[in-house]
Amino acid sequence: MFGQRHVRPGPMVEAWLVEAMERYNEESLARREAYAAQVHLPGPVLQDLVWWALQALPDEILVGLDVDGGREHRPEVEDAFAGESHRDNLFAGQGFVISEAAVVNRGDSYSVHHLPEDWTDDLFRSDRGSRGGRFTHWLHTHPNAPAVPSGADADAAQETLGVDMILGLRFSPEGPLPWFDDVDGTRRTLAAPEQPRRFGRRGPPVLGVAPSGHRIHEIQLIAFHRTGLGVNVVLVDDEGWPYGWPHA
Ligand SMILES: [Zn+2]
């Protein structure tokens, strides 16, 4: 589990996830005025994150994310998703597409934020080169809970150079963690659209099934800056185009 990495070119993205990402991007576009900045996350990376999150249950995982300094956001996409309150130079890596993801810890909602010392030494020495530095962005998971930051999450974000992201997942079988939704905060969801219930069907609609066998009912994803400003997530393909982007 530790050291699981996303490598390019990414895996094929499941068709149901592509559809869900198209819906998410539509909402990101519609709500652009609520955000101070944007971050572009490739779909193959998101898919890996969802699979890793489910493999690590019942733990949460902490994932370090880096950008590709040679891969800027496509300007026409950046322009389309920028709101009036857009701010430049808000965080490290701003304007560059996320390219790398590596699982660096797992644990409960408090311990997950602390990097295991010996392991990070090794990671930074052998894989991080002369930068010897930290990851640009961080993401952690909320199994069967919404992607809304806790107090501990806000504290941990204070040391982040880029942005903090939270991936919330609703899935079944639930195991020891039934869906917990009693939290205040803005939701950003890749939920299945409302549809009429077939007679006799039980439980919430299924978005897709993971390799771990879990039925995924909902994926939530948010990003925020340490100041508390919201950062809009745009889910892009390997060419940097948002899923659902109207190609001419
Ligand atoms: Zn959290």
Within segment 19-29, is even one residue out of contact with any Leu (no Cβ under 8 Å at 6 or more places or on another chain), within 19 Å of V104 (Cβ to Cβ) and surrounded by 16 or more Cβ atoms within 10 Å (Cβ to Cβ)? no
Quick check on my filter: what residues within segment 211-242 are β-branched (V, I, T) and over 16 Å from the mean Cα position of the chain (by Cα)? T227
Could you tell me how many of the residues in segment 149-188 are surrounded by 19 or more Cβ atoms within 10 Å (Cβ to Cβ) and either outside any helix (DSSP H, G or I) or basic (K, R) (or both)? 13
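Among residues belonging to segment 98-117 that are away from the ligand (no atom under 16 Å from the Cβ) and at pLDDT below 90, point out the one that is surrounded by the most Cβ atoms within 10 Å (Cβ to Cβ). Steps first, please.
Start the filter on segment 98-117 by keeping residues that are away from the ligand (no atom under 16 Å from the Cβ), which leaves 98-102, 116-117.
Then drop every residue that is not at pLDDT below 90, which leaves 116-117.
Details: P116: 16, E117: 8.
So the residue we want is P116.
Report yes if some residue within segment 139-159 is more than 16 Å from the ligand (Cβ to nearest atom) and modelled with pLDDT under 95; otherwise report no. Lay out the reasoning, then the answer.
Going through segment 139-159, the residues more than 16 Å from the ligand (Cβ to nearest atom) turn out to be none.
Taking every residue of segment 139-159 in turn, none turns out to be more than 16 Å from the ligand (Cβ to nearest atom) and modelled with pLDDT under 95.
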Check whether at least one residue in segment 236-248 is in contact with a Pro (Cβ under 6 Å, 6 or more places away or on another chain), within 16 Å of the ligand (Cβ to nearest atom), part of a strand (DSSP E or B) and at pLDDT 90 or above, and report yes or no. no
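The values are calculated or read from the model by the stated rules, or taken from the named source; none is laboratory data. Bear in mind that the values here come from a model prediction, so they are computed numbers and not experimental data. Neighbour counts are summed over all protein chains in view; Cβ atoms, including those assigned to glycine, are modelled from backbone coordinates with ideal geometry.
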